[in-house]
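Encoded as structure tokens, the structure appears first; notes follow it.
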Amino acid sequence: MHAVVRRYTGASALNDLLAQRSQEVEQLLRGVPGFVAYYAIRGGDGLATVTVCDDQAGTQESSRRAAEWVSQNFTGGSIGAPEITEGETFIQFSR
């Protein structure tokens, strides 16, 4: 599996937008081939999102879709490009 973490700073308004339009974001990302999971983490005025897919093609497509969605829908100010960490997961466990 592959994962991509996108970290935004100064993202309070983006946090609010994602919360308000979570169903739209879910629909957008569930359509990514090989989609496994998505998490949005609010940290003060920061935001981190984590997308997990079966392979790198999925995480790259999720990043493309996320960037397009933000550019089309975020009008509450300016936000810089996220810091992105992407790669193959090598340790996996859950409850």
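Counting beta carbons within 10 Å around each of LEU17, LEU47 and listing the fewest first gives the order LEU17, LEU47.
Report the convex hull volume per residue for the chain, counting only C-alpha atoms, in Å³.
In the chain, the Cα convex hull volume per residue is 100 Å³.
Hey, what number do you get for the chain at 222 nm if only DSSP H runs of n ≥ 4 count, each worth -39500 (n - 2.57), divided across all residues, to the nearest 500?
Details: 3 runs with 36 residues, N = 95.
Taken over the chain, the calculation gives -12000 deg cm²/dmol.
A short reminder: the numbers here are calculations on the coordinates, not readings from a lab. Note that the coordinates shown come from a computational prediction; the quantities given were computed from them, not determined experimentally. When we count neighbours, we look across all protein chains shown, and the Cβ atoms used for this are built from the backbone with ideal geometry, even at glycine.
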